Amino acid sequence: MTSLLSYENVFRKLYPVYRRMIGRDGQAVLHERRQTQYLPLTEIEAIQLVKLKRVLESAAEHVPYYREEFSRIGFVPADLKSLEEFSAVDFFIDKAIVRDNVQDFLADNRTDSDLNWHKTGGSTGTPLNFPTDKPTDAASASAIMKALDWWDIELGARHAMFWGSPSFIRRKRTDIFKQWANVVRNRLMNRLFFLNYDIGEHNVHKIHAQLERFQPEYIRGMPTSLAVFAKLAKKEGLVLDKGRPKFVHSACEQLFDWQQNIIEEVFRAPVVNTYGLSEVGDIAYGAPCGNLHTMDEDILLELFDYIGSEKEIVTTQLNNMASPLIRYRTGDIAANISPCTCNTCNLNSKTIQGLRGRAHDFILSPSGKFLHGQFLTHIIVYEPGIRKYQVNQKSTDSLNIKLVIDEGYDEACQARIRSAIQSYMGDEVSIEFSIVDEIPLTAAGKYRWIVSDLGPLDEHI
């Protein structure tokens, strides 16, 4: 344990230096946020208004899309006097608009080297390639550090992740170097990493033993993956003892009550939610008080009518000058955005109540592996010319993938997608592709990007 503690101290000194070198110094932002998070709400809103006007005025002058649209609707950012006035402006964008006009959302005075491009399909099945800038990335880095502060956890603490991203996908069977690079990166970040694409009865005891040895201070993961491991562990009579963390961060997708219950039972720690979007940044984190606190200095959140009585979350970035997203419709639902009502945390940032995002399904391989649905997203988002997709699992050894394509489509991508999927699911898996004009919504008006005919996940655990 001494060597681990020594490493944590070294990490806390060197990691901020690295972040400053790349121009994304979350530590510097954190020092400011530690003060502003306790300001009265009226003062936090005053900060939001100043930053909002700065972004709007810059967008009106330098970003082609906003320059044209603001002129069309007669909106003059310099005349804006309050957040209430902004809420009355009839202007919105969404993923489809951004995807079809990416270059028009980039400021003409930007520095291209400052942009950090994200390929995201998330839970929508609609790929998007869009950047954030250095201030936005620094703010997101500060957000998670601020959230760890709330739990008395410092930068560099031992932590475990149940995760997966495009960088972990083998697109070629010979792509071994990338995997070793990820192993080294995880060691440097002082974290234990479990891949969302490899959870099952074959390794539940191994994962449990590694957590017990590593003793992470916190765990972060996608709730579907955390819940699958927890259910498998409970079936084997396993719970965390020495490996019990202070808390578990649920991220990237909707956290259901039944998932929270089984995760807390096996991990023996509270589960708190987080909320963010790759193209927007970190938006909210769960605090020990139990509420989901928003990063008000970095994001302006609004609620607007969606379907029936539901309200949709609409975001505006407050730091991004190079590629701002203003009035961006997320497709996620919340009941209310309001001040915190607890008397324990002293945070004056607002909170999101009744958050509901899009749920993720699992894919089940013939060998019994559970593969998180984002596994398929992380394969497909890198292929050009695919506007939308839907994966239907007919059986453990059969997938049908529908593609809505445009002029950039290359039919050779089918072989690449098939190879990547079979690398994880096995060569016996049959994968069929069909090109369609559109993918219909469900009767409830929702878009499902994974459809499984295998029945409830519980039936397979």
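The values are calculated or read from the model by the stated rules, or taken from the named source; none is laboratory data. Since this is a predicted model, take the numbers as computed values, not measurements. With ideal geometry, Cβ positions are generated from the backbone for all residues, glycine too; neighbour counts draw on all protein chains shown. Each accessible area value is taken on the protein alone, full model and side chains, heavy atoms only, with ligands, DNA and RNA left out. Shrake-Rupley method; radii C 1.70, N 1.55, O 1.52, S 1.80 Å.
May I ask you to compute the full-extension gain from L83 to V184, defined as 0.36 nm times their residue separation minus their alpha-carbon distance, rounded to one decimal in nm?
Details: separation 101, 0.36 × 101 = 36.36 nm, distance 4.60 nm.
That pair, L83 and V184, stretches by 31.8 nm at full extension.
Using the crude model of +1 on Lys and Arg Cβ and -1 on Asp and Glu Cβ, and no other charge, please compute the dipole size for the chain relative to its Cα centre, in debye to 20.
Its charge dipole is roughly 1620 debye.
Give the accessible surface of the chain per residue, rounded to a whole number of Å², with probe radius 1.4 Å and ligands, DNA and RNA excluded. Don't skip to the end; give the middle numbers.
Numbers: 20140 Å² over 461 residues.
It amounts to 44 Å² per residue over the chain.
Suppose only helical runs count, i.e. DSSP H with n ≥ 4. What mean residue ellipticity at 222 nm does that imply for the chain under -39500 (n - 2.57) per run, divided by all residues and rounded to the nearest 500 deg cm²/dmol? Can you show the working numbers first?
Details: 13 runs with 158 residues, N = 461.
Value at 222 nm, helices only: -10500 deg cm²/dmol.
For Cα pairs less than 8 Å apart in space and 6+ apart in sequence, what is the mean separation divided by the residue count of segment 263-312, i.e. the relative contact order in percent? Display every interim value, and only then the final one.
Numbers: 46 pairs, mean separation 10.1, N = 50.
It rounds to 20 percent for segment 263-312.
Roughly speaking, what is the centre-to-centre gap between segment 35-57 and segment 307-331 when only Cα atoms are used, to the nearest Å?
One Cα centre to the other: 17 Å.
What list of ³J(HN,Hα) values in whole Hz, one per residue of segment 297-305 in order, does the Karplus curve 6.51 cos²θ - 1.76 cosθ + 1.60 (θ = phi - 60°) give from phi, with Gly and Pro shown as x?
With coefficients 6.51, -1.76 and 1.60, one gets 6, 10, 9, 9, 10, 9, 10, 9, 4 Hz.
Identify which of the listed values of Rg and Dmax of the Cα atoms in Å was calculated from the structure shown: [x] 23.4, 81; [y] 22.2, 64; [z] 32.8, 109.
[y]
Calculate what fraction, in whole %, of the accessible area of the chain sits on carbon and sulfur atoms when a 1.4 Å probe is rolled over the protein chains. Walk me through the numbers on the way to the answer.
Values: 10200 of 20140 Å².
Of all accessible area on the chain, carbon and sulfur atoms account for 51 percent.
Report, by chain and number, residues whose modeled amide H sits under 5 Å from the one on K350, excluding near sequence neighbours (fewer than 5 apart, same chain).
T294, D296
I need to check one value: relative contact order of the chain, counting alpha carbon pairs closer than 8 Å and at least 6 residues apart, in percent.
On the way: 844 pairs, mean separation 76.9, N = 461.
17 percent.
Order the following by accessible area, largest value first: H249, H205, H62. Probe radius 1.4 Å; ligands, DNA and RNA are ignored. Don't jump to the answer; show the numbers that get you there.
Values: H249 0, H205 95, H62 40 Å².
Order by accessible area, largest first: H205, H62, H249.
Among L80, N129, P223, which residue has its Cα furthest toward the positive end of the charge dipole of the chain, with +1 on Lys/Arg Cβ and -1 on Asp/Glu Cβ?
P223
Of all beta bridges DSSP finds with both residues in segment 179-316, what is the antiparallel percent, to the nearest 5? Show your work: numbers first, answer last.
Working: 13 of 20 bridges.
Here the antiparallel bridges make up roughly 65 percent for segment 179-316.
Could you tell me which helices of the chain pass both thresholds, a Cα extent of 27 Å or more along their own axis and a mean Kyte-Doolittle hydropathy of at least -1.0, with helices taken as whole DSSP H runs? Intermediate values should be presented prior to the final figure.
On the way: long enough: 2-21 (29 Å, -0.39); 41-62 (31 Å, 0.16).
Helices passing the filter in the chain: 2-21, 41-62.
Based on DSSP, what percent of beta bridges with both residues in the chain are antiparallel, to the nearest 5? It would help to have the intermediate numbers written out before the result.
Details: 41 of 67 bridges.
Antiparallel bridges make up about 60 percent of those DSSP assigns within the chain.
List the pairs from K51/K311; K51/K119; K231/K311; K95/K402; K134/K242; K53/K134 whose alpha-carbon separation is above 29 Å, in the order I gave them.
Values: K51/K311 25 Å; K51/K119 27 Å; K231/K311 33 Å; K95/K402 20 Å; K134/K242 39 Å; K53/K134 19 Å.
Result: K231/K311; K134/K242 exceed 29 Å.
Provide the solvent-accessible area of W258, counting protein heavy atoms only and rolling a 1.4 Å probe, rounded to the nearest 10 Å².
Rounded to the nearest 10, the figure is 120 Å².
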